[in-house]
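Presented below is the structure to which this report refers.
Coordinate-derived values only; no laboratory data. Note that the structure is a prediction, hence the values are computed from the model and not measured. FYI the Cβ positions are ideal-geometry reconstructions off the backbone, even for glycines, and counts take in every protein chain you see.
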Amino acid sequence: MLTEGFRSVIGKEGVVAIVSCSDGEAHVVNTWNSYLVVPDERRIFIPAGKMRKTEKKTLQNNKVLLTVGTKELDGRMGPGTGYLLEGTARFLDSGPEFEIMKNKFSFLTRVLEVTVTSITQTL
């Protein structure tokens, strides 16, 4: 599901927007492409240093949207590209995935795990 084009985008720097929603209110938080870790074809791990409001909202409604993109030139993609991902979220504060991420990103307090349910190229 997570395409080669998507993996190419997160291999270049850009901003990631993470949208959560509950109680009739959307919340947006940002991170960097280089912070995304893709362990398999459906999941993305994101280091969370804060993201407390995101965590609170996902406890009520675990559906999230992510946008990722880069404007860096790539011969196959032209002047840049972006993706919209839909998925479900949960926060991890222990376990093997948490430990792997903590070794990569010492600042994290939790790991946001997103299980992707759809991906659409937007640019």
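Placing +1 on the Cβ of every Lys and Arg and -1 on the Cβ of every Asp and Glu, with no other charges, gives the chain a dipole of roughly 240 debye about its Cα centre. Subtracting the Cα-Cα distance of K63 and A26 from their residue separation scaled by 0.36 nm leaves 12.2 nm. Residues whose amide H comes within less than 5 Å of that of W32, counting only those at least five positions distant or on another chain, are V16 (H built at 1.01 Å from N in the peptide plane).
Overall size of the chain from C-alpha positions, given as principal axis extents largest first: 40, 36, 22 Å. 3J(HN,Hα) couplings calculated from phi for region 103-115 with the Karplus curve 6.51 cos²θ - 1.76 cosθ + 1.60 (θ = phi - 60°) are, in sequence order, 5, 7, 10, 5, 7, 6, 10, 8, 10, 8, 9, 10, 9 Hz; Gly and Pro show x.
Measuring nothing but alpha carbons in region 54-123 and taking Rh as the Kirkwood radius, the Rg to Rh ratio lands at 1.08.
The distance separating the Cα centre of region 1-43 from that of region 58-123 comes to 3 Å.
Structure remark: mean-square fluctuation, Gaussian network model of the chain, C-alpha springs under 10 Å; the largest value among V38, V68, V111 belongs to V38. The HN-Hα couplings worked out from phi for region 53-64 by the Karplus form 6.51 cos²θ - 1.76 cosθ + 1.60 (θ = phi - 60°) are 5, 4, 4, 4, 5, 6, 5, 8, 8, 7, 7, 9 Hz, whole numbers, x standing for Gly and Pro.
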